[in-house]
Amino acid sequence: MPSSPPMRQLLLLRHAKSSWDEATLSDHARPLNARGKRAAAAMAERMRGLDLSPDVVLVSSARRTLQTLEALQPIEGAPIVEVMDALYLAPWAVLLDKLRAVPETARSVLLIAHNPGLHDLALALTGAGNAGSEMVQRLSEAYPTGSLAEFSVASLWRDLGEGGGRLVRFLCPRDLPEEAA
């Protein structure tokens, strides 16, 4: 009888709050604003406190996602980081395809991307089976900037699909003591 794959961890992080101050900048080039930088640093601190250290990081090539990743540094274990143009404003099906291509040796993956694709992916992963939980209800209402969803995944990455994740936690910057003030 074949053994089931080991449990995997998927971390979905929406970029932190970005600035709209420079009207001449393209959307792709928009940086984090001061609030976004504080929120990203607070989320990084919480992630370290929870021992969330991915083996692989997939990150959109947008400036705000790259600056969100910078705020997480250093990430324990020096993960493989892949900056991908295809993740910029990608729909959830594209995000899922990129996750399915992750090496099967990776036990934990962090995806830093944008809404609405990231929110739609999180909702697709939870599936109908998790719909009753308060945490899933909160996730279904909104996926604010700087928020992190942690999923437990029982399948191989290549087999990840709708309903393939169990939501372990959903943290928003406003949940963190550093940001609640």
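No value in this document is a laboratory result; all are computed from the given coordinates. Only a predicted model underlies this, so the values are computations on that prediction, with no experimental measurement involved. As a convention, Cβ positions derive from the backbone with ideal geometry for all residues, glycine included, and neighbour counts pool all protein chains shown.
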- Message: Take residue 174 and residue 100, extend 7 Å from each Cα along the Cα→Cβ direction, and tell me the distance between the two endpoints in nm.
- Response: 3.6
- Message: Let me spell out the model: positive unit charges on the Cβ of Lys and Arg, negative unit charges on the Cβ of Asp and Glu, origin at the Cα centre of the chain. What dipole size does that give, in debye rounded to 20?
- Response: 160
- How big is the gap, in Å, between the Cα center of region 73-88 and the Cα center of region 1-52? 11
- Query: So if R0 is 35 Å, what FRET efficiency would residue 135 and residue 93 give, r being the distance between their Cβ atoms, rounded to the nearest 0.05?
  - Reply: 0.90
- The long-range amide H neighbours of residue 84, using H built 1.01 Å from N in the peptide plane and a cut-off of under 5 Å, are 59, 60, 61
- So what's region 1-105 giving for Rg/Rh, alpha carbon basis, Kirkwood Rh from the mean inverse pair distance? 1.02
- Task: Tell me the label-point distance for the pair residue 48, residue 81, using the 7 Å Cα-to-Cβ offset, in nm and rounded to one decimal.
- Result: 1.5
- Item | Gaussian network model of the chain, Cα within-10 Å springs - most flexible of 86, 113, 62 | 86
- Take the chain, connect every pair of alpha-carbon atoms lying under 10 Å apart with a spring to form a Gaussian network, then pick out the residue of 93, 101, 42 with the largest mean-square fluctuation. 101
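For the chain, state the average projected area of the convex hull of the C-alpha atoms over all orientations, rounded to one decimal in nm². Present the calculation step by step, with values, prior to reporting the outcome.
Numbers: hull surface 42.6 nm².
Mean shadow area of the hull around the Cα atoms is 10.6 nm².
What does the extension gain come out to for residue 142 and residue 25, with contour length at 0.36 nm per residue minus their alpha carbon separation? Numbers along the way, then the final one.
On the way: separation 117, 0.36 × 117 = 42.12 nm, distance 2.66 nm.
Fully extending the segment from residue 142 to residue 25 adds 39.5 nm.
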- Take the chain, connect every pair of alpha-carbon atoms lying under 10 Å apart with a spring to form a Gaussian network, then pick out the residue of 119, 15, 28 with the largest mean-square fluctuation. 28
- Query: With axes computed from alpha carbons, what is the tilt in degrees of helix 34-49 against the longest principal axis of the chain, rounded to the nearest 10 within 0 to 90?
  - Reply: 30
